[in-house]
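Each reported figure results from applying straightforward, stated rules to the coordinates on display, with no laboratory input. These figures come from a predicted structure and were not determined experimentally. Here the Cβ positions follow ideal geometry from the backbone for every residue, glycine too, while neighbour counts run over all protein chains shown.
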Amino acid sequence: MQTFYYSGFIAGKRHTGNLEEESLQAARTRLRNQGCIVTELRPVKADATGVPSNENEEISSFERLGSRILITKGQWELSMRQLASLLQAGVPILTAFSAVARQADPLLARVYGRVSTKLRQGHSMQQCLSEEAPSLGRVALGLIGVGEANGALDEMLDYAADLMEQARKVKGQIVQAFAYPLIVILGAMGVSYYMVSVVFPQIMTFIQKQGRNTVLPLPTRVLIRVNDFLEVWGLYLFACPFIIAIAFFLARKVRDIGQKLDYGVLHIPLLGKAFRDHANTMWCRTLAALLHSGVDIIAALELVESTMGNLHYAVQFKRMREIVRQGRSLTDGIKETNIHRLCPMALTMVSVSEESGGLDTSLFHVARYCEERLSRRVALLSKLVEPAIFVVVGGMVGFVYFAFFMAMLAVTKSAH
């Protein structure tokens with residue numbers, strides 16, 4: 001028999017001590033069966049696990065900011081899954097952090113090193129990650145806290161990684177749908193501006209030399225007026241989209257104005273339904289995962305509220321949380337907020353499942369339904385936008401050429 005020193009959390013409380021077992025694996029299994037989340041396990045006379053220590057290292061605010069910006073959601077997602085797999089295999093937390101850090105990028109490895117140091121000092125994993133990795137988000141940190149409390153940290157890490165993956169996929173669909181049209185439109189605007197402001201004036205100079213008394217046709221005169229207008233106002237027109245975007249961003253900082261703006265975004269023709277499906281997918285999946293993991297309904301609604309990017313949705317969940325806190329049902333909360341209009345299927349499924357049970361399962365079904373609708377809408381928008389872009393860009397270029405050839409024809413006729 002060997003003596004092993006262990007340190008870990010049972011029901012959210014730190015426990016340390018010695019135990020005797022035949023091997024390290026047997027000691028690990030025994031602690032796991034007791035519901036202990038092991039942070040350190042080693043023979044009494046052996047050295048520590050080898051997790052890098054940063055106790056004497058001062059972390060600059062610049063490095064912390066860089067960690068928040070440069071460590072992507074995909075990196076966190078992968079590391080969460082790796083940690084979950086190692087914990088499921090019975091590996092102590094400090095050893096798991098060390099193994100994941102060795103495979104991670106330098107910035108993420110340093111973050112895990114600092115977390116490991118704080119874990120050895122007796123802090124909880126949720127507290128360590130809240131201080132060192134706030135970019136994980138309140139939902140992921142909340143799930144980790146639940147996992148530490150109920151002894152299912154590996155399962156909660158998997159849930160957190162699943163939510164990150166779904167958020168990344170949904171965001172990718174939105175970006176994919178609008179990135180290509182935006183690039184093409186900006187390119188078309190640039191080409192058209194160059195043709196009208198640079199190429200066409202040179203052509204007109206040539207035409208006017210060939211036929212000074214020629215009466216130019218209407219399309220050519222219109223194009224000349226457009227060119228004159230762009231020479232005076234072109235830079236202002238180019239700056240308009242950026243000014244509008246900055247004004248929109250600043251206006252959203254004022255909560256009442258931001259809520260109204262975000263409500264208007266949800267009702268933009270064609271695009272509004274896609275934004276609603278995106279928001280419905282995220283809140284249904286997040287709430288379902290939190291309820292399934294054992295988070296109480298009020299805390300779950302508070303976490304969902306904090307993750308909603310759309311301020312109108314956030315306000316609705318704040319109202320919903322107050323209604324549920326008064327002892328009323330989630331169905332009442334949905335009915336008395338605008339959620340029942342934004343996501344009618346959620347009202348039906350929640351009202352049924354609150355009576356029969358399985359609220360988390362019903363919300364998962366609603367999330368999958370909204371996600372499928374979002375995929376179809378994104379595909380439809382892509383099909384509609386592409387020909388519209390070709391028509392607009394082709395029409396602009398065609399009009400320039402038509403005006404040019406009409407002018408050439410007029411010059412030729414006047415010469416004869």
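Set against the labelled values (i) 167; (ii) 186; (iii) 219, volume of the Cα convex hull per residue in Å³ computed from this structure falls on (ii). Among residues other than Lys273 with Cβ under 12 Å from its Cβ, the summed charge is +3 (Lys and Arg +1, Asp and Glu -1). Were the residues from Ala89 through Val191 laid out at 0.36 nm apart, the gain over their Cα-Cα distance would be 30.8 nm. Does the stretch 306-416 come out rounded, prolate or oblate, given a ≥ b ≥ c as the square roots of the eigenvalues of its C-alpha gyration tensor, rounded meaning a/c under 1.5 and, failing that, prolate meaning a/b above b/c? Judged from the Cα gyration tensor, the stretch 306-416 comes out prolate (a/c at least 1.5, a/b above b/c). Comparing Gln316, Gln173, Gln34 in a Gaussian network model of the chain where C-alpha atoms under 10 Å apart are linked, the largest mean-square fluctuation is found at Gln34.
The Cβ shell under 12 Å around Met164 holds other residues with a net charge of +2, Lys and Arg each +1, Asp and Glu each -1.
Across every direction, the projection of the convex hull enclosing the Cα atoms of the stretch 308-361 has a mean area of 3.7 nm². Note on Leu270 and Glu21: the extension gain reaches 83.1 nm, defined as 0.36 nm multiplied by sequence separation minus the Cα-Cα distance. Exceedance of the 29 Å cut-off in Cα-Cα distance is limited, within the set Lys260/Lys335; Lys253/Lys383; Lys318/Lys383; Lys118/Lys253; Lys335/Lys383; Lys73/Lys318, to Lys253/Lys383; Lys318/Lys383; Lys118/Lys253; Lys335/Lys383.
Restricting the calculation to alpha carbons of the stretch 70-186 gives Rg and Dmax of 16.0, 56 angstrom. Just checking the listed ones, Glu355, Glu131, Glu77: in the Gaussian network model of the chain with Cα springs under 10 Å, the one fluctuating most is Glu355. The simple spin-label model puts a point 7 Å past each Cα toward its Cβ; for Val184 and Met345 those points are separated by 2.9 nm. For Glu231 and Ser329, the FRET efficiency from 1/(1 + (r/R0)^6), where r spans their Cβ atoms and R0 equals 60 Å, is about 0.40. Based only on Cα atoms, what Rg/Rh ratio does the stretch 248-328 have, Rh being taken as Kirkwood's radius? Taking Rg over the Kirkwood Rh, I get 1.02. Okay, helix-only estimate at 222 nm for the chain: each DSSP H run of n ≥ 4 adds -39500 (n - 2.57), divide by all residues, round to 500 deg cm²/dmol; what do you get? Value at 222 nm, helices only, nearest 500: -25000 deg cm²/dmol.
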